[in-house]
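Some notes on the structure that comes next.
The values are calculated or read from the model by the stated rules, or taken from the named source; none is laboratory data. Being a predicted model, the structure only gives us computed values, none of them experimental. Every residue, glycine among them, receives a Cβ derived from its backbone with ideal geometry; neighbour counts consider all protein chains shown. The accessibility values were calculated without ligands, DNA or RNA, using every heavy atom of the protein model including side chains. Shrake-Rupley method; radii C 1.70, N 1.55, O 1.52, S 1.80 Å.
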Amino acid sequence: MAGETDLSRLLQSMTPQLNPGQYVFCCVAADHDCSALHPIASLREAEGLSLVLPREVADANGLSYDYVAAWITLQVHSSLAAVGLTASFSAALAQAGVSCNVVAGFHHDHIFVPIERAERALSTLRALSAAALPEPV
C-alpha cells in the first residue's frame with residue numbers, strides 16, 4: 001500500500017504516539033560493531049556512525065551523549081514523497097518552543113523531542129491535527 005501524500009489528510013490523521021522510554025543520539029567509529037546495540041536508527045556521516053539508542057543501552061555500553069529525548073511516532077502512513085508534513089509539524093513545535101529531530105521511516109515519521117518537553121510536543125501535534133480536520137457539515 002502506498003503512503004499518503006495529501007497534506008491535509010496527513011495532518012488530520014497523524015495520530016502521534018509517545019513510545020515508552022528515553023532515547024539518546026551517540027556517535028561511534030564507522031567500523032564499530034553495533035550488532036549488540038540494536039539501534040533504533042543509524043546514519044553514516046563523515047565523522048562516524050550516528051546511532052539513536054535507548055538510553056539504557058548507551059549507558060550499559062559506555063557510550064556518551066548529551067541529548068535525552070522522547071520518541072514520538074506519527075501513526076499515519078506517510079509517503080516518502082509527501083510534501084509539507086515535516087515542515088508543518090516542525091513549525092508548530094518550533095512555535096511551542098520544542099526542538100525536534102526527525103527520522104523518516106518507510107511507513108512513519110519519528111520525532112525525537114527533549115524528554116522534558118514530551119507532553120508539550122504531544123499536545124502541540126494533537127492540536128495541529130485537530131486544526132486540520134474539516135469543518136462538520
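Per-residue answers, yes or no, for (1) crowded, with 18+ Cβ neighbours inside 10 Å; (2) aliphatic (A, V, I, L, M):
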{"position": "Leu7", "(1), (2)": "no, yes"}
{"position": "Gly48", "(1), (2)": "no, no"}
{"position": "Leu53", "(1), (2)": "yes, yes"}
{"position": "Cys100", "(1), (2)": "yes, no"}
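Answer yes or no as to whether Val57 is closer than 13 Å to Phe25 by Cβ, part of a strand (DSSP E or B), open to solvent by less than 60 Å² (accessible area, probe 1.4 Å) and at pLDDT 95 or above. So Val57 fails the test. Select from the range 21-41 the residues that are within 13 Å of the chain's Cα centre (by Cα) and assigned to a strand (DSSP E or B) and list them in ascending order. Across the range 21-41, the qualifying residues are Gln22, Tyr23, Val24, Phe25, Ala41. Residues of the range 116-137 that are hydrophobic (A, V, I, L, M, F, W, C), without any contact (Cβ under 8 Å) to a residue 40 or more places away in the chain and in a loop (DSSP other than H, G, I, E, B): Val137 alone. With respect to being modelled with pLDDT of 95 or more and touching a Lys or Arg at 6+ places or on another chain (Cβ under 8 Å), Pro16 fits the description.
When the range 89-115 is filtered for residues that are modelled with pLDDT under 95 and either part of a helix (DSSP H, G or I) or over 22 Å from Arg55 (Cβ atoms) (or both), the ones remaining, listed by number, are Ala104, Phe106, His107.
It is to be established whether one or more residues within the range 19-33 are touching a His at 6+ places or on another chain (Cβ under 9 Å) and at pLDDT 95 or above. Checked against the condition, which is being touching a His at 6+ places or on another chain (Cβ under 9 Å) and at pLDDT 95 or above, the range 19-33 yields at least one hit.
Each row is one residue, and each column tells you yes or no for (1) closer than 22 Å to Gly3 by Cβ; (2) crowded, with 17+ Cβ neighbours inside 10 Å.
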residue: Ser35; (1), (2): no, no
residue: Ala69; (1), (2): no, yes
residue: Ser78; (1), (2): yes, yes
residue: Leu85; (1), (2): yes, yes
residue: Gly97; (1), (2): no, no
residue: Phe106; (1), (2): yes, no
residue: Arg120; (1), (2): no, no
